[in-house]
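Here, each number is a calculation from the coordinates, and none is a lab measurement. This one's a predicted model, so the numbers in the text were calculated from it and none came from an experiment. Methodologically, a virtual Cβ is constructed for each residue, glycine included, from the backbone with ideal geometry; neighbour enumeration extends over all protein chains shown.
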Amino acid sequence: MSWEFTLAGTGAGSTEMDWFTIQFGADRLVPGESLSITITPKGQSIPTFTKTMVGFGSGTNGLLSYGEWDPAFPTREGTVSIEMVQGAVDIHNISIILHTPTYSASTSITPDIHLVPEPSIPAMAMVASLAWILRRLRPLAEC
């Protein structure tokens with residue numbers, strides 16, 4: 001799942017650390033579950049932020065990541081993508097704050113979604129093939 005964002009200016013430049021957060025809902029990321037996060041600036045194909053998060057303990061209620069943004073983030077616009085690798089989780093809020101020597105900017109996205117892994121192409125092809133085979137066998141069984 002992907003969301004486009006625009007960072008709104010929050011003030012003059014700062015040397016504070018950049019940060020990125022995801023806040024999960026009541027359905028937390030538990031052991032055995034994982035998700036992948038990428039942030040790509042508008043007009044680019046190479047992400048400036050990539051992170052894989054895994055559940056631990058009694059359930060992870062969010063991700064907070066400091067100082068991992070490229071300080072030369074070329075635009076205040078981009079796309080944040082979150083892909084569920086294994087398991088399922090509710091995501092209620094995504095916050096991004098970027099600090100550079102010349103400006104500070106932030107955004108907040110509230111998707112309120114239940115994220116599950118996307119089906120893979122081989123799995124979908126197998127299901128389609130099985131449906132086709134069963135449909136072809138059905139007329140034979142009616143004879």
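Once phi is turned into ³J(HN,Hα) by the Karplus curve 6.51 cos²θ - 1.76 cosθ + 1.60 with θ = phi - 60°, what whole-Hz value does each residue of the stretch 29-34 show in order, with x for glycine and proline?
Each residue's phi maps through the Karplus curve to give 6, 10, x, x, 9, 8 Hz.
Name the residues whose placed amide hydrogens come within less than 5 Å of the amide hydrogen of T10, ignoring near sequence neighbours (fewer than 5 apart) on the same chain.
S104, A105, S106
Okay, which of the stretch 1-30 sit inside 17 Å, backbone N to the point 7 Å along the Cα-Cβ direction of E118?
What the label zone holds, given the 17 Å backbone N cut-off, is 1-5.
For each of E16, E33, count neighbouring Cβ atoms within 10 Å of the residue's Cβ, then give the residues from fewest to most.
Values: E16 11, E33 21.
Ascending number of Cβ neighbours within 10 Å: E16, E33.
Once you place label points 7 Å from the Cα toward the Cβ at S95 and M1, how far apart are they in nm?
Reported label-point gap for S95 and M1 is 1.9 nm.
Give me the Kirkwood hydrodynamic radius of the stretch 2-118, using the inverse of the mean 1/r over all pairs of distinct Cα atoms, in Å to one decimal. Display every interim value, and only then the final one.
Details: mean 1/r = 0.0686 Å⁻¹.
Mean inverse Cα-Cα distance, inverted, gives 14.6 Å.
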